[in-house]
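The values are calculated or read from the model by the stated rules, or taken from the named source; none is laboratory data. Worth saying up front: this structure is predicted, and the values here are computed from it rather than measured. So basically every Cβ, Gly included, is an ideal-geometry build from the backbone, and we count neighbours across all protein chains shown. Heads up: the accessible areas ignore ligands, DNA and RNA and are worked out on the full protein's heavy atoms, side chains in. Shrake-Rupley method; radii C 1.70, N 1.55, O 1.52, S 1.80 Å.
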Amino acid sequence: MTTAAATLSERLGLARLASWRPLSPHDDELLLVPKDLRAADPTFASEIAAGQMGLGGAVATFDDRSPFEIAAPSAAWAAELHGFGWLRHLKAARTPQATAAARKLFDDWTTCDRDIRRRTPGAFAPEVAARRVSAWLANADLLLDGANPTRFGQVHRALATAIRVLDGNRATARGWGLIVCDIALVTASLALADHERHLERRESALLDALARQILDDGGHHSRNPDVVVELLIDLLPLRQCYLARGRTPPATLIDATGRMLGFLRAMQLGSGALARFHGSQGGTRDALATVLALDAGVHDPRHTLAQSRFVRLEQGRTVVIMDCGGAAPDVDHRSAFCSPLAFEMSSGRRRILGNGGAPSGVVSRIAAEAAAAIEAHATLGLGAGIRPGPALVSAPAIEADNDQISVAASHGAFVAAFGLVHNRCLALRDGGRSIEGRDRLDSPAGVLRTARDVPFAIRFHLDKAVTATVDLDGGRALITLDDAETWELTVTGARAGLEPGIDYTHAGDLRAAEQIVLRGTCPGQTQVIWTLTRRH
């Protein structure tokens, strides 16, 4: 681990990751307490003392009742409540009151689980059940320190029941939720002596799920970079659980986590955040910093993510990441994020251009659909309010020499509606001081003249720390960063304008943003050339 990573590791409490905390001698069936790498907020204890819980982007008041008895304000709130991840906040408070609240809420849940099953069936969805098992294990010391044998028996029986039910239902989990279930089950096999006999079977299931869902370049088949962060937050402590039990982690697990860490490095902009594609919010900063602090690997900055279908271009202080793929194979394109050939760009430690990101928490269906639309991404849209078909993107062609590095790709998502293919080439040159873009609309065969001129828009979504002005003739725009760094955008073949946009990444709070939009009409074959040049 590098010195900087070790410092960050210590600050985040990661230096203690390899240790495990045995409980008192009478707790002989619980062999270790896994580490929870997620950030904790001790002030959450004050919320509970005030009869409130803020979860999943919503706040609910329960006053003198149990939070498990009230109507949930949203499905996301309910999932977080029944997932028990909030126990880490109470442990971090380190007060008798917080400990008492944690134990009371645990007892509330275990004594009324039949009523919960009737009122909130989602509480027993396998992914939520897996989070609950993992949280109970990671906070077992909070629930048990100083407890008598009777109390230990109660907690252990509740855990055993939850694990048994999860073991029976894990196969019904969807997508990366299956990996979350398998991580919880393998962790339980290592943490609880009477579950060790299940380790080989559960480990085999986890390794199979990783082999099917984690791509060779370390990305997840959902193409959402945030999923990789979330999985590593659970996989890295699992690796330490093996070591704590004197076991060598499976080679497949070590290899998968190494590839995933490399993927995250390649998807990082200079700002430190992840590029926002396919449901990503750019990575939770604390979680991303936590997992990357453990990565001592050296990664090629020109990394081409061939399986995940992203391309990273880097020169000097400038980083460009482009989406050269479509939706994940098992995602209906009507609900998938629509970002064919979109890109994000940073200069130094500042994001300049990006995508709108994904909302979290409580948002309307309309907002969720808008965040997934092509208009929320830094790419070309054709027609007015028309969602293109599935994007079958060509394999990217990458060229590099001493002067520049470029990527070119095309997609046919507009063929069904307009008979046109979108070709995009981005070239980074002059040591990262200049980016040239060429957006061309062509017929897939022969010359095409559309029945009418079709409007198009090429969007550049601006980061919140960026301001922009556009000349009256629409041929030039100036982009200024908060440190006075300035980039000039020039364009031929379209007219630039400054328009309102939306940043969707804030939980339950969609924030106004700005975007530069290049607009024009397409009579058939059309080309727009634009250049971004750093002036200061």
* Asked: Tell me, which helices (runs of 4 or more DSSP H) wholly within region 54-112 include 2 or more residues that are open to solvent by 10 Å² or more (accessible area, probe 1.4 Å) and charged (D, E, K, R)?
  -> 87-93, 96-111
* Can R151 be described as modelled with pLDDT of 95 or more and either under 21 Å from L32 (Cβ atoms) or β-branched (V, I, T) (or both)? -> no
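Tell me the strands (runs of 3 or more DSSP E) entirely within region 395-457 that contain at least 2 residues that are of a type in the set (A, V, I, L, M, F, W, C) and exposed (fewer than 15 other Cβ atoms within 10 Å of the Cβ).
It comes to 397-400.
Residues checked against (1) among the polar types (S, T, N, Q); (2) more than 22 Å from D323 (Cα to Cα):
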position	(1), (2)
I398	no, no
H411	no, no
R424	no, no
L428	no, no
G437	no, no
I458	no, no
T486	yes, yes
P500	no, yes
* Quick one: in region 462-516, of everything that is assigned to a loop (DSSP other than H, G, I, E, B) and in contact with a Phe, Trp or Tyr (Cβ under 8 Å, 6 or more places away or on another chain), which residue is most open to solvent (accessible area, probe 1.4 Å)? => L510
* Asked: Counting only residues that are free of Cβ contacts under 8 Å to residues at least 60 places away in the same chain and more than 22 Å from A373 (Cβ to Cβ), how many does region 435-467 have?
  -> 6
* Looking only at region 317-359, and only at residues there that are among the acidic types (D, E) and open to solvent by 10 Å² or more (accessible area, probe 1.4 Å), the one that is modelled with the highest pLDDT -> D330
* Structure fact -> Subset of region 479-527, residues among the basic types (K, R) and at pLDDT 90 or above, comes to R495, R519
* **Matching residues in region 360-379 - criterion: being in a helix (DSSP H, G or I), open to solvent by 30 Å² or more (accessible area, probe 1.4 Å) and without any contact (Cβ under 8 Å) to a residue 40 or more places away in the chain** => R365, I366, A368, E369
* Tell me, yes or no, whether region 22-33 has at least one residue that is of a type outside the set (A, V, I, L, M), within 19 Å of A162 (Cα to Cα) and modelled with pLDDT of 85 or more. => no
* Asked: Cβ-Cβ below 6 Å, separation at least six or inter-chain, first residue in region 484-507 and within 30 Å of S360 (Cβ to Cβ), second open to solvent by 50 Å² or more (accessible area, probe 1.4 Å) and acidic (D, E): which pairs?
  -> G501/E514
* Near pairs, Cβ below 7 angstrom, 6+ apart or cross-chain, from region 394-417 (among the aromatic types (F, W, Y) and at pLDDT below 95) to any residue that is part of a loop (DSSP other than H, G, I, E, B) and open to solvent by less than 70 Å² (accessible area, probe 1.4 Å) -> F414/P388; F414/L420
* Selection within region 170-197 - outside any loop (DSSP other than H, G, I, E, B) and open to solvent by 60 Å² or more (accessible area, probe 1.4 Å) -> A171, T172, R197
* When region 113-131 is examined, which residues are found to be part of a helix (DSSP H, G or I), open to solvent by 30 Å² or more (accessible area, probe 1.4 Å) and not small (G, A, S)? -> D113, R114, D115, R117, R118, R119, P121, F124, E127, R131
* Asked: Here are some residues: G385, G357. Which one is outside any helix (DSSP H, G or I), over 21 Å from I435 (Cβ atoms) and out of contact with any strand residue (DSSP E or B) (no Cβ under 7 Å at 6 or more places or on another chain)?
  -> G385
* Asked: Is one or more of the residues making up region 417-436 closer than 17 Å to V311 by Cα and either β-branched (V, I, T) or in contact with a helix residue (DSSP H, G or I) (Cβ under 9 Å, 6 or more places away or on another chain) (or both)?
  -> yes
* Asked: Quick check: anything in region 217-226 under 23 Å from the mean Cα position of the chain (by Cα) and assigned to a helix (DSSP H, G or I)?
  -> yes
* Counting only residues that are of a type in the set (S, T, Y) and more than 16 Å from A328 (Cβ to Cβ), which one in region 210-257 is surrounded by the most Cβ atoms within 10 Å (Cβ to Cβ)? -> T257
* Asked: When residues of region 132-156 are filtered for being outside any helix (DSSP H, G or I) and of a type outside the set (A, V, I, L, M), how many remain?
  -> 4
